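Since the structure comes first, as C-alpha cells, the remarks are kept for the end.
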Amino acid sequence: MARQMPKMKAIGHMSGKVAKIIYSVLKTGVPYDPKRHAAACGVPWNEQYKEKSLDIDIEPFETEAKMLAGISDESVDIEIDEE
C-alpha cells in the first residue's frame, strides 16, 4: 500500500507470501516464528506484537484439522455458532 499499489493487488501479494510461509512450515517441520516470518514477508517487527494476548481456545480447530486430515478416530460434530 505504501507503494501506491491497489488494495486488492496488495492483498493478493500478502496472501501469496502467507501461503509460502505456511507451505514451508508444513514441509520443513520448523515451528512458526512470527519475528522471522514477518521479516520474510517484508513486514517490520514491532515488539508490541509480542504483548498481544491470544486468548483463543484452539482445541476445536485442532480437532477439526485432525478430523479433516483423517488422524482422529473420533466422530466429532462441529457446531457453528450463528450470531
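The values are calculated or read from the model by the stated rules, or taken from the named source; none is laboratory data. Bear in mind the structure is a predicted one, so any value in this text is a computation, not a measurement. So basically every Cβ, Gly included, is an ideal-geometry build from the backbone, and we count neighbours across all protein chains shown. Just so you know, the surface numbers come from the protein's heavy atoms only, side chains and all, with ligands and any DNA or RNA stripped out. Shrake-Rupley method; radii C 1.70, N 1.55, O 1.52, S 1.80 Å.
Looking only at residues in region 6-20 that are open to solvent by 80 Å² or more (accessible area, probe 1.4 Å) and among the hydrophobic types (A, V, I, L, M, F, W, C), the one that is nearest to ALA38 (Cα to Cα) is ILE11. Checked against the criterion of being in contact with a Pro (Cβ under 8 Å, 6 or more places away or on another chain) and at pLDDT 80 or above, region 55-77 has no qualifying residue.
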